[in-house]
Amino acid sequence: KGFYDGKGWPRVMKLKDWPQTKTFKENLPRHSEEFLCSLPLKQYTHPCDGPLNLAVKLPEDCLKPDMGPKTYVAYGFPQELGRGDSVTKLHCDMSDAVNVLTHICEVPIKDEQKPNIDELKEKHAKQDLKELFSSVSDYKEKMEILEKTCEEEVKNLATDGGALWDIFRREDVPKLEEYLKSHHTEFRHFHCSPVSQVVHPIHDQCFYLTRYHIMKLKEEYGIEPWTFVQKLGDAILIPVGCPHQVRNLKSCTKVALDFVSPENISECFRLTKEYRLLPPNHHSKEDKLQIKKMVIFAIDKALKDLDPIEKKSSEAKEKPKRATKRKTKH
């Protein structure tokens, strides 16, 4: 049904990275099986049996990174409000990822709320013009054009469209970072305060590029993202190292899962080096993936599989472990 604050502005509520304690399978066993069955390219994405998923190669007694699945539930609105939008800000995942849209529900804005929203949007626009865009001469004209364009796009959206994605190419990251550094004062973050400092334009996760900024990015640097609408049941594959952002057009439930493909190991290494250079107190500093350990175990497993003698001995070692587990259950 949607909630509104005292001024009539839509409230956006989110639940992210659920569950945080037990596994997804322990909490929702039936949903977990349905999700795994729906995965595309299972040889890469399956978290247990994917032969090309390097995360599967870690032994049972080894401390493993949390690769999911994780659930994300949030409200969403078709119009780009500018403030309080239901967004996942620009960021890079530590590995490859697959994101499946499992449920959508439209939150209609009541007729009596529309005048309040329009009035607040106009007030916010004036405040932005004064605080953020005072040096931009044609800001107002461009925003009017964009608003008309966005309204037409919203009308043309399919009824089953749930989320708007923008994914950038790896090759465009240097230009994207340069744009964000030079325009960071034109963005707002916590409590709608302007972004005053940038440690890393992408890993800080404090930017969401509106249609205005995407247009400016193309004008100044000649780059633009792949922009598309995720529909109900769609699975989006995001390669590691590709910055991306998402805005919910409707209330959505998404389930995401990380995996490590052999083709993208070098990019995982590059990101690990980037994380290491971040300040000690940065939230992205920790090496959660531990790609080096993963590669070592993957090579070890491959060599054993290629050697018939090694393969038989490793299988013989695994059989007593499985038998012990079965006895423990009874």
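When the C-alpha to C-alpha distance is required to be over 19 Å, the pairs from 70/292; 57/285; 216/273; 16/250 that qualify are 70/292; 57/285; 216/273.
May I ask you to derive the FRET efficiency for residue 27 and residue 63 from their Cβ-Cβ distance with R0 = 25 Å, giving the value to the nearest 0.05? After rounding, the FRET efficiency stands at 0.70. Rounded to the nearest whole Hz, the Karplus-based 3J(HN,Hα) values (6.51 cos²θ - 1.76 cosθ + 1.60, θ = phi - 60°) of the range 219-224 follow the sequence 5, 8, 10, x, 10, 8, with x at glycine and proline.
Could the peptides 276-283, 33-40 be put in order, highest first, of the mean number of other beta-carbon atoms found within 10 Å of their residues? Could you put the intermediate results ahead of the total?
Numbers: 276-283: 9.9, 33-40: 14.4.
Going by the mean number of other Cβ atoms within 10 Å, highest first, we get 33-40, 276-283.
Every number in this text was worked out from the coordinates using simple rules, so none of it is lab data. Source: prediction; values computed, not measured. Note: ideal-geometry Cβ built from the backbone for every residue, glycine included; neighbour counts use all protein chains shown.
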